[in-house]
Amino acid sequence: MIGIVIIGVMIAVWGITAVISGKLPFISRYHGVEKIPLHSRIEGGAALFVGIVMTAQYFMLLQPVTIMVIILMICITAFVLEIALKVL
């Protein structure tokens with residue numbers, strides 16, 4: 001269980017780094033992305049929220065299905081934002 005908290009914190013830190021810097025860590029080239037900083041901030045925000053949800057699972061004792069649905073909703077929201085803001 002503590003491993004999930006560690007992974008959640010790592011994902012949250014990765015998301016904060018992407019939101020602040022405007023670039024995704026470990027990505028050198030972006031193919032088909034017009035607005036790189038906006039894309040990075042949307043994806044970083046989604047990663048930040050997923051990391052927070054994974055870390056909160058340790059304290060709130062949510063069901064695995066609930067966690068999966070929340071993560072899926074975060075991913076769908078990020079995808080819709082990218083389409084609405086014409087990032088891709």
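The values are calculated or read from the model by the stated rules, or taken from the named source; none is laboratory data. These numbers come from a predicted model, not from an experiment. Don't worry about glycine lacking a Cβ; one is built from the backbone with ideal geometry, like all the others, and counts go over all protein chains shown. Just the protein is used for accessible areas: all its heavy atoms, side chains included, with ligands, DNA and RNA removed. Shrake-Rupley method; radii C 1.70, N 1.55, O 1.52, S 1.80 Å.
Points to keep in mind about this one:
- Gain on full extension, evaluated as 0.36 nm per residue between I83 and M60 minus their Cα-Cα distance, stands at 5.0 nm.
- Sites I6 and M68 - FRET efficiency at Förster radius 22 Å, r taken between beta-carbons, to 0.05: 0.65
- The residues of the chain present an accessible area of 67 Å² per residue when probed at 1.4 Å with all protein chains retained.
- With respect to the chain, whose longest principal axis is taken over its alpha-carbon atoms, helix 36-60 is tilted by about 0°.
- Gyration tensor (alpha-carbon) shape descriptor, the chain, a/c threshold 1.5: oblate
- Where trypsin sites (Lys or Arg not before Pro) fall in DSSP loop in the stretch 1-39, at most 11 other Cβ within 10 Å: R29
- Only protein atoms count toward the accessible area here, which uses a 1.4 Å probe; on the chain, the carbon and sulfur part of that area reaches 77 percent.
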